[in-house]
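Data first, discussion second: the structure below is written as structure tokens.
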Amino acid sequence: VVVPGNISGGAHWHRSLEILCTLSGDGFTLIDGERIPMTAGDIVAIPSGSIHVTGTDKGACRYYCLIIDPDFLTACGVWREHDRLPLSLRDPQAASLFEHINQEMTAQPVLYKEQVKVLVLQFIIGLRRGHPVENRAQSTGNEGSRIETVRKAIAAIDREFEGPITLDYLCQVAGMSKYYFCRAFKQATGQTVTQYINWVRCDQARRLLASGECNVGEAAERCGFHNLSYFTKVYRRQYGRAPSQEKQRAKS
């Protein structure tokens, strides 16, 4: 579920093919800076390696998320390295298979993993038959260069969130001026650099608090927040509750 007026988390990318199936509400997914609307019945196919994040402008949006290892699909002969489905599509049969996959993963009956593999193959085959599939390499030229610079910055933030991260340093990593870097980052992720850094730090702090490994002050310090009141303010804005409440939730 994505709550009103928010994005689901920090923008990210991975090698896997990610498929979203919208159940209710209205939302959007940013894919390499392109905004894809989501409403009930819509399926969004996020290509391998794309920077993406999901959010809403108003109201809550509920959706299923299926992340598929492309090596599995390639080994089964139903996918090629640079295959790309339409970013947005509608397919009632695929949506029904999505629900079946969810039921198997939730109930976990005997041999459910094997059954899910069969259903995933049926799902991909159905999409390939019913919708045009492109076979193309990663974006090239100015667009590909812009996305790659943002990937480098995201990787640096994810890797070094515990210490000080300056805009000058990220611009150096990306090889861009401040103006162009900030513009490219916001376009690709839907967040400013500061918003993304705070999201990563709060997400890591939440994990520490939920594990019971740290108290609030320790979690803040280990995740790059050196001002406790600022940490509490940012955390409450992100999760709708104070870090101390997260700690209490973990205990109970």
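Rounded to the nearest 10 degrees, the inclination of helix 193-211 to the longest alpha-carbon principal axis of the chain is 90 degrees. Highest mean packing first, where packing is the average number of other Cβ atoms within 10 Å per residue, the peptides 49-57, 218-226, 90-98 line up as 49-57, 218-226, 90-98.
Between the C-alpha center of segment 160-213 and that of segment 34-77 there is a gap of 23 Å. Here segment 46-95 has 50 percent of its accessible surface on carbon and sulfur atoms, given a 1.4 Å probe and all protein chains in place. Normalised per residue, the accessible area of the chain is 53 Å², obtained with a 1.4 Å probe and no contribution from ligands, DNA or RNA. Projected over every direction and averaged, the convex hull enclosing the alpha-carbon atoms of segment 142-252 yields 7.0 nm². Counting each DSSP H run of 4 or more residues in the chain as -39500 (n - 2.57), what helix-only mean residue ellipticity at 222 nm follows after dividing by all residues, to the nearest 500 deg cm²/dmol? Value at 222 nm, helices only: -16000 deg cm²/dmol. Extension gain, residue 180 to residue 60, is 39.9 nm, computed as 0.36 nm per intervening residue step minus the present C-alpha separation. Computed from the C-alpha gyration tensor, the three semi-axes of the ellipsoid equivalent to the chain are 33, 24, 16 Å, from longest to shortest. Show log10 I(q)/I(0) for segment 11-154 at q = 0.20 Å⁻¹, two decimals, from a solvent-free Debye sum over equal Cα scatterers. Debye intensities relative to I(0), on a log10 scale: -1.32.
Computed over segment 120-206, the convex hull of the alpha-carbon atoms projects to a mean area of 8.2 nm².
A Förster radius of 35 Å combined with the Cβ-Cβ distance from residue 75 to residue 148 puts the calculated FRET efficiency at roughly 0.80.
The values are calculated or read from the model by the stated rules, or taken from the named source; none is laboratory data. Quantities reported herein were computed from a predicted structural model and do not represent experimental measurements. Don't worry about glycine lacking a Cβ; one is built from the backbone with ideal geometry, like all the others, and counts go over all protein chains shown. Heads up: the accessible areas ignore ligands, DNA and RNA and are worked out on the full protein's heavy atoms, side chains in. Shrake-Rupley method; radii C 1.70, N 1.55, O 1.52, S 1.80 Å.
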